[in-house]
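Q: Before I ask anything, let me first share the structure, which is written out below as structure tokens.
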Amino acid sequence: MNFSQIDTFEGRLDLMRSLSKQFLSRAHKVDIEGSFPFENIEDLKRTGYTSLSVPGKYGGKEISLYELVRLQEMIAEGDGATALSIGWHMGIIMNLHEKNVWSGSIYKFLCEEVNNGALINSAQTEPKTGSPTRGGRPETNAEKRGQNWVISGRKTFTTMAPVLDYFIVNATLKDTNETANFLIPRGTAGVKIEETWDSIALRGTGSHDLILEHVAVPEEYMVERPNPHSRKANGWLLHIPACYLGIARAAQRYAIQFAKEYSPNSISGTIIDLPNVRQKIGEMELKIMQAESFLYSVARQWDTSSEEEREKMLSVLGAVKLTVTNAALSIVDLAMRIVGAKSLSIQNPLQRYYRDVRAGLHNPPMDDMTMELLVRESILKNE
């Protein structure tokens, strides 16, 4: 079955549910080995998922943000690393269409490549600048030579590096000191991947370093000169909280199943009937309901808003990420309290869920930046 052949959201969700079960069966091995989920990514490409966010005029389904977050959440129930990895690709294609800042010919070319199975991600973070959302100027540099741009530098946290076909790299222009984004094909001379990813969380994302050694690309591959002082609202980044909500759902499901089956000889029946366990199950469900309500409603708001209205959603988008990610942390913690010491076994998925949801604190936007944005907005509203 192929996603592009299914015309209903429920049908696509059913197909993803089936794939997610396969991803879950592979997750432990990938995590233990610190390898990359090649089979999962290949399944997503084979079934046409990776082109769903391509605009209709270029042969895609142009799915809504709401549908994207629901599908990404389902992937994460099987494997969080796979969800976060492919989420960047899916969201970038959606964002480029919505923002319409690239030349039409370059974006059309990229969509055609994606329809043929190509994968893309941004490579923006550097060792000395940290997250680009903090405003650091990239030390990667680009110099115009004839009809080409020549780019050199190192990028960290290049998620999905083992299988990416294209990179969007930000660099400082030597002649003007401005910052620009460049589209770089993987096969370009001077492009290298250094396998540096050794995180204990989301071990399967393959977020290695991208090395650029005098990489020459045509001048039209300088695709954007973003304003460094302008923070845009980016609905597509909701794929991040969707990932962590999916992981939390997996933890909830595991804990409930464990409680239904675990029967220590100190009690009659299983622990599902114990008041303290039922209290924790209720708390998990409440947090799930709150998180999904906030996430889904804001995704739908984005889908139905004008461009002008979307630019006013910066703070609420950040609030969703903060709320859902921290709720996911609490849900996994509650699940581990139900299961007890067994949850710390390397064979138990809960310890993987615990490590993986912690990574959400370090995905953009950061909690402190969101809180400052909310503070400023609150003060302005109450002047």
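Q: Against the condition more than 30 Å from K21 (Cα to Cα), touching a residue at least 60 places away in the same chain (Cβ under 8 Å) and charged (D, E, K, R), how does E213 come out, does it pass?
A: Spelling it out, E213 is indeed more than 30 Å from K21 (Cα to Cα), touching a residue at least 60 places away in the same chain (Cβ under 8 Å) and charged (D, E, K, R).
Q: Considering the range 4-55 alone, what residues qualify as being touching a Ser or Thr at 6+ places or on another chain (Cβ under 9 Å) and at pLDDT below 95?
A: S4
Q: Would you mind finding the one in G104, G80 that is farther than 14 Å from Y166 by Cα and at pLDDT below 95?
A: G104
Listed here are the residues, each with its yes/no results for (1) more than 28 Å from the chain's Cα centre (by Cα); (2) of a type in the set (A, V, I, L, M); (3) under 30 Å from L373 (Cα atoms).
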site	(1), (2), (3)
L212	no, yes, no
Y221	no, no, no
P226	no, no, yes
G235	no, no, yes
K260	yes, no, no
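Q: Output the residues belonging to the range 335-345 that are crowded, with 17+ Cβ neighbours inside 10 Å and more than 24 Å from the chain's Cα centre (by Cα).
A: M336, I338, V339, S343
Q: Here's something else I'd like to know. Please note which strands (runs of 3 or more DSSP E) are completely contained in the range 62-160 and include at least 2 residues that are of a type outside the set (V, I, T) and surrounded by fewer than 22 Cβ atoms within 10 Å (Cβ to Cβ).
A: Those strands (runs of 3 or more DSSP E) span 141-145, 148-158.
Each row is one residue, and each column tells you yes or no for (1) touching a Phe, Trp or Tyr at 6+ places or on another chain (Cβ under 7 Å); (2) not hydrophobic (A, V, I, L, M, F, W, C).
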residue	(1), (2)
D7	no, yes
L15	yes, no
L24	no, no
T50	no, yes
G60	no, yes
G80	no, yes
S85	no, yes
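Q: On to the next question. Only one of E292, E261, E285 is loosely packed, with under 13 Cβ neighbours inside 10 Å and outside the structural domain of Q72 (by TED's automatic domain parsing). Can you tell me which?
A: Among E292, E261, E285, only E261 is loosely packed, with under 13 Cβ neighbours inside 10 Å and outside the structural domain of Q72 (by TED's automatic domain parsing).
Q: Looking only at the range 138-155, decide whether some residue is among the acidic types (D, E) and farther than 21 Å from R358 by Cα.
A: Yes: one or more hits.
Q: A further question on this structure: I'd like the full set of residues that are crowded, with 18+ Cβ neighbours inside 10 Å and in a loop (DSSP other than H, G, I, E, B), limited to the range 7-59.
A: F36, P37, T47, G48, L52, S53, V54
Here's the yes/no breakdown for (1) over 28 Å from R145 (Cα atoms); (2) in contact (Cβ under 8 Å) with a residue 12 or more places away in the chain; (3) loosely packed, with under 14 Cβ neighbours inside 10 Å:
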position	(1), (2), (3)
T188	no, yes, no
V191	no, yes, no
E194	no, yes, yes
A201	yes, yes, no
V217	no, yes, no
N227	no, no, yes
Y244	yes, yes, no
R278	yes, no, no
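Residues are listed down the side, and each one gets a yes or a no for (1) small (G, A, S); (2) touching a helix residue (DSSP H, G or I) at 6+ places or on another chain (Cβ under 8 Å):
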| residue | (1), (2) |
| --- | --- |
| S297 | yes, no |
| M313 | no, yes |
| I346 | no, yes |
| R358 | no, yes |
| D367 | no, yes |
| K381 | no, no |
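Q: Kindly indicate which of V69, V101, V30 is within 26 Å of V298 (Cα to Cα), touching a residue at least 12 places away in the same chain (Cβ under 8 Å) and over 17 Å from the mean Cα position of the chain (by Cα).
A: Answer to the check: V101.
Q: Being touching a Gly at 6+ places or on another chain (Cβ under 8 Å), of a type outside the set (S, T, N, Q) and in the same structural domain as R186 (by TED's automatic domain parsing), is that true of even one residue in the range 107-126?
A: There is at least one residue in the range 107-126 that is touching a Gly at 6+ places or on another chain (Cβ under 8 Å), of a type outside the set (S, T, N, Q) and in the same structural domain as R186 (by TED's automatic domain parsing).
For (1) free of Cβ contacts under 8 Å to residues at least 12 places away in the same chain; (2) out of contact with any His (no Cβ under 9 Å at 6 or more places or on another chain); (3) crowded, with 20+ Cβ neighbours inside 10 Å, each residue gets a yes or a no:
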position: Q347; (1), (2), (3): no, no, no
position: L350; (1), (2), (3): no, yes, yes
position: Y354; (1), (2), (3): no, yes, yes
position: D367; (1), (2), (3): no, yes, no
position: T370; (1), (2), (3): no, yes, yes
position: L374; (1), (2), (3): no, yes, no
position: S378; (1), (2), (3): yes, yes, no
position: E383; (1), (2), (3): yes, yes, no
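Q: Continuing with the same structure: Return the residues of the range 143-177 that are over 15 Å from A216 (Cα atoms) and either modelled with pLDDT under 95 or not assigned by TED's automatic domain parsing to the domain that holds P218 (or both); say none if nothing qualifies.
A: D175, T176, N177, listed by residue number.
The values are calculated or read from the model by the stated rules, or taken from the named source; none is laboratory data. Keep in mind that this is a model prediction, so the values were computed, not measured. FYI the Cβ positions are ideal-geometry reconstructions off the backbone, even for glycines, and counts take in every protein chain you see.
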